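One structure is given here, and the rest of the page talks about it.
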Amino acid sequence: MRGLYASTLQGPVLAYVLQQLAVGSYDLIFDGETIGSVVQHKMPGGDLRAWWAELLDESPAGNRPAPFTATEHSFNKLGDVLTWLGEPEIIRTPRSRPPAGW
């Protein structure tokens, strides 16, 4: 079930949620707590961009939530990140409008 559980080799676990902060920037939420971020980075020397899933805490490997084997993982596309995280729910930020009179 999307948004409730993701499956791993060990069985079902609580799923991740991405809370959009801005274009290309998301908080990574697990079990109701912000544990990291998913962000888009511009690559040096070009317009190519990469996506990074990053944990806030640099815990030892045995204490990281699946599928993290390191504190940072890079991906070519956001879709790759979403697949890797088990198709998390995405809470999008409503597009903000400038104040009246701007």
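The values are calculated or read from the model by the stated rules, or taken from the named source; none is laboratory data. This one's a predicted model, so the numbers in the text were calculated from it and none came from an experiment. Glycine gets a Cβ as well: all are built from the backbone with ideal geometry, and neighbour counts include every protein chain shown.
Kindly indicate which of THR8, THR34 is modelled with pLDDT of 95 or more and exposed (fewer than 14 other Cβ atoms within 10 Å of the Cβ). First the steps, then the outcome.
Values: THR8 fails: modelled with pLDDT of 95 or more.
So the residue among THR8, THR34 that is modelled with pLDDT of 95 or more and exposed (fewer than 14 other Cβ atoms within 10 Å of the Cβ) is THR34.
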Counting only residues in region 28-70 that are among the charged types (D, E, K, R) and more than 10 Å from the chain's Cα centre (by Cα), the one nearest to VAL81 (Cα to Cα) is identified as ARG49
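With respect to GLN20, is the statement that it is surrounded by fewer than 18 Cβ atoms within 10 Å (Cβ to Cβ), in contact (Cβ under 8 Å) with a residue 60 or more places away in the chain and either part of a strand (DSSP E or B) or of a type in the set (D, E, K, R) (or both) true?
Details: surrounded by fewer than 18 Cβ atoms within 10 Å (Cβ to Cβ): yes; in contact (Cβ under 8 Å) with a residue 60 or more places away in the chain: yes; either part of a strand (DSSP E or B) or of a type in the set (D, E, K, R) (or both): yes.
So GLN20 fits the description; yes.
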Heads up, the strands (runs of 3 or more DSSP E) in region 48-102 (entirely inside) with at least 2 residues that are aliphatic (A, V, I, L, M) and modelled with pLDDT of 95 or more are 49-55
